[in-house]
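The values are calculated or read from the model by the stated rules, or taken from the named source; none is laboratory data. The structure displayed is predicted, hence computed values, not measured ones. Neighbour counts run over all protein chains shown; Cβ positions are idealised from the backbone, glycine included.
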2 protein chains.
Amino acid sequence: MTPTARLKSRSPIHEFDLIRTLQQRHRRTDPSVIRGIGDDAAVVTSQARRWSLLTTDLLTEGIHFDLRTATMADIGFRAAVANLSDIAAMGGTPQYLLVSLAIPRTGTRQHVLQFYKGMMTACRPYHVTLIGGDTSASANGWFIGLTLVGTTTPHKALLRSGARAGDLLYLTGTIGDAEAGLRLLNEQFGKTRPPHTAKLSARYRQFLVKRHLRPTARLAEGQWLSAHRFATSAIDVSDGLSGDLRHICQESHVGADLDVGSLPLSLACRAYAASRRLDPVALALAGGEDYELLFTLSPRHRSEVERAAKLRQFCITCIGTIRPAQQGIQAIGQDGTKRPLPNSSYQHFR
Amino acid sequence: MTPTARLKSRSPIHEFDLIRTLQQRHRRTDPSVIRGIGDDAAVVTSQARRWSLLTTDLLTEGIHFDLRTATMADIGFRAAVANLSDIAAMGGTPQYLLVSLAIPRTGTRQHVLQFYKGMMTACRPYHVTLIGGDTSASANGWFIGLTLVGTTTPHKALLRSGARAGDLLYLTGTIGDAEAGLRLLNEQFGKTRPPHTAKLSARYRQFLVKRHLRPTARLAEGQWLSAHRFATSAIDVSDGLSGDLRHICQESHVGADLDVGSLPLSLACRAYAASRRLDPVALALAGGEDYELLFTLSPRHRSEVERAAKLRQFCITCIGTIRPAQQGIQAIGQDGTKRPLPNSSYQHFR
């Protein structure tokens, strides 16, 4: 985990100084951390009778982010949420973060500090401790690798594999917003061109862009679903609903009926789709990175879960039913017709 | 941890198929792994009365490796060793591995499989289980991020911060070999040009290239030092001896005298340096990635440790003494003269 000295010869950033600055800036007193940043490996105590959760995500410049449409702080925030959301989808509590950063020649100290600031802003509400990482030069663009460690009670982790035919399919929050926000940014920074007639209120615009740049990991929802053993399976929507529902079906060996008319779409997302003459449902199915939770539960828990969610101000929507595997994954249109759910992104669907 | 669907649209690799292939190929039955690859996060049981070790390393194309001079299997092997070596330097036992891979358009399925093969070859002797990762497209070159989780007995982790003035400074194995091996490869593939007179036996060449491409993590040595509480501090030599000694001194708030004449240099490394008219000591001080362990111990354990090392066929060499911080880090030349140890790479020193 020693940061590679090669950085020094290739970048204006004096890495060891930088690491010391970051250590001081993001220091937290966590009694379970014996040794954080600054050794060959971080050392943490193990908790008896707990399960550990480990997730890793990588983001690469030009694929996952573009410095024309997002600041380094936004990128850090989103990188953290991608990982926090994986822990949320397991019903766990995040604890420790490790960060790998490959910095191109154009990267400055300020870029790195802003990245950490954004990342730690997303982590702070959950008391996540930064315990290590690696920093290096990059010959081509930024690369970001985050590993997040969490914890959960044994036998309460929400897996993708527990859905059973007859279970109901639920979604937290609304979907399609992050995709609409990204498209708005692409239009604003000249990467794509909006139709001449396209109009959208500033409030909607702001909402959608924020949903893209500063998404929310549904940790409270995931922990609640896990603690009460409500959910039979769960996943976070990071690839797009269509792809993520497919993962649940594959891992649980089931099919599903997705009720397209009941998809939770925000007013802003609907307004964006209308202004661009797009199908909001297609946007919602294909667009990724909303970081909402898709989960299943037995119909006998339905009323209990819906009542309890309301009490906690959790927004959840029933969007379909789990079916036997041989029925495949079907989308039920608003007219009641069934057709196979399209798999690939950006296909028109109604 | 869901692999990003974006890969599909940009690369010929069908990622989910690929992950399934890798899962099957590298499956191990480890009862502590509740859920490995295939969910939002991996789930492992915690061990009571143990400490966990976490380390992460990143490698980027054009900085850490070059596909002209190394195969994907070599790169995978070295990436694993970089992490295994961090666990070795803590005196720990490696357990779980997570792998992030950003694949450029030129990357093929075969590249990825070879990378995993090399990586798992390095991990197999230590029964490390592959529990997760992330895969994505890359707009610019390969990017590899590995996170390794290990375990150790509480209070026995070898930290960088325990060296005390008067302690002896030791090194396992020989150093400078990996740097010589890298330079040989650079010459062979026309990246640099050897002097006309340069000659080196095939056996030496092979030894040095292997030390670069297939280094050894000193796990047995680290565990032995930790179990018997011999070492007061330890680090692995990944940045070059000069830089890594500096880390120990900084973290322990001490200085050091490094006895340059006693540095353990292989015959092959000496022969390479002679053939290129280089100073072998400069090569050894600056060249990184030997993955040997640099450690300190109290002089009262000297004879016990040296005897015990011999019995176990561990090659260790005393290369200096820890001094009070105000004396700084000095190199003692073969003629007995002291001068400050150069910090930067590739400076002539004798």
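Of all residues in the stretch A:331-345, those satisfying the criterion of being more than 14 Å from chain B (Cβ to nearest Cβ), of a type outside the set (Val, Ile, Thr) and surrounded by fewer than 19 Cβ atoms within 10 Å (Cβ to Cβ) are A:333, A:334, A:335, A:336, A:338, A:339, A:340. Given the criteria part of a loop (DSSP other than H, G, I, E, B), within 18 Å of the chain's Cα centre (by Cα) and either more than 14 Å from chain B (Cβ to nearest Cβ) or within 20 Å of residue A:52 (Cα to Cα) (or both), does residue A:217 qualify? Answer is yes for this residue. Within the stretch A:136-181, being in a loop (DSSP other than H, G, I, E, B), β-branched (Val, Ile, Thr) and under 16 Å from the mean Cα position of the chain (by Cα) holds for A:174, A:175. Residues in the stretch B:250-265 that are surrounded by 21 or more Cβ atoms within 10 Å (Cβ to Cβ) and within 14 Å of chain A (Cβ to nearest Cβ): B:252 alone. Of the residues making up the stretch B:20-35, those that are within 23 Å of residue B:112 (Cβ to Cβ) and either touching an Asp or Glu at 6+ places or on another chain (Cβ under 8 Å) or part of a strand (DSSP E or B) (or both) are B:33, B:35. Among residues of the stretch A:227-242 being within 12 Å of chain B (Cβ to nearest Cβ) and touching a strand residue (DSSP E or B) at 6+ places or on another chain (Cβ under 9 Å), the one that is farthest from residue A:87 (Cα to Cα) is A:242. The set of residues from the stretch B:36-50 being under 17 Å from residue A:54 (Cα atoms), out of contact with any Pro (no Cβ under 8 Å at 6 or more places or on another chain) and at the interface with another protein chain (Cβ under 7 Å from one of its Cβ atoms) comprises B:38, B:39, B:40, B:41, B:42, B:43, B:44, B:46, B:47. For the stretch B:51-104, what are the residues that are in contact with a Pro (Cβ under 7 Å, 6 or more places away or on another chain) and either within 8 Å of another protein chain (Cβ to nearest Cβ) or of a type in the set (Asp, Glu) (or both)? B:51, B:87 - these are the residues of the stretch B:51-104 that are in contact with a Pro (Cβ under 7 Å, 6 or more places away or on another chain) and either within 8 Å of another protein chain (Cβ to nearest Cβ) or of a type in the set (Asp, Glu) (or both).
Among the residues of the stretch A:40-63, those identified as in a loop (DSSP other than H, G, I, E, B), out of contact with any Asp or Glu (no Cβ under 7 Å at 6 or more places or on another chain) and in contact (Cβ under 8 Å) with a residue 12 or more places away in the chain are A:47, A:49, A:50, A:62. You will find that of B:302, B:276, B:270, B:307, the residue that is modelled with pLDDT under 95 and either more than 24 Å from the chain's Cα centre (by Cα) or within 19 Å of residue B:197 (Cα to Cα) (or both) is B:276 and no other. Restricted to the stretch A:120-135, and to residues there that are among the aliphatic types (A, V, I, L, M) and more than 7 Å from chain B (Cβ to nearest Cβ), the residue that is nearest to the chain's Cα centre (by Cα) is A:122.
When the stretch A:287-320 is limited to residues that are in a helix (DSSP H, G or I) and among the acidic types (Asp, Glu), the one that is surrounded by the fewest Cβ atoms within 10 Å (Cβ to Cβ) turns out to be A:304.
Matching residues to (1) surrounded by 21 or more Cβ atoms within 10 Å (Cβ to Cβ); (2) in the same structural domain as residue B:244 (by TED's automatic domain parsing); (3) modelled with pLDDT under 95; (4) closer than 21 Å to residue B:55 by Cβ:
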site	(1), (2), (3), (4)
B:121	no, no, no, yes
B:125	no, no, no, yes
B:172	yes, yes, no, yes
B:177	yes, yes, no, no
B:187	no, yes, yes, no
B:191	no, yes, yes, no
B:195	no, yes, yes, no
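Entry remark, the stretch A:21-35: residues being over 20 Å from residue B:88 (Cβ atoms) and within 14 Å of chain B (Cβ to nearest Cβ) number 5 in total. So for the stretch B:270-290 (the condition being within 14 Å of chain A (Cβ to nearest Cβ) and among the aromatic types (Phe, Trp, Tyr)), does at least one residue qualify? The answer is no; no qualifying residue exists. Exactly one residue out of A:25, A:78 is closer than 16 Å to residue A:132 by Cβ and charged (D, E, K, R), and it is A:25.
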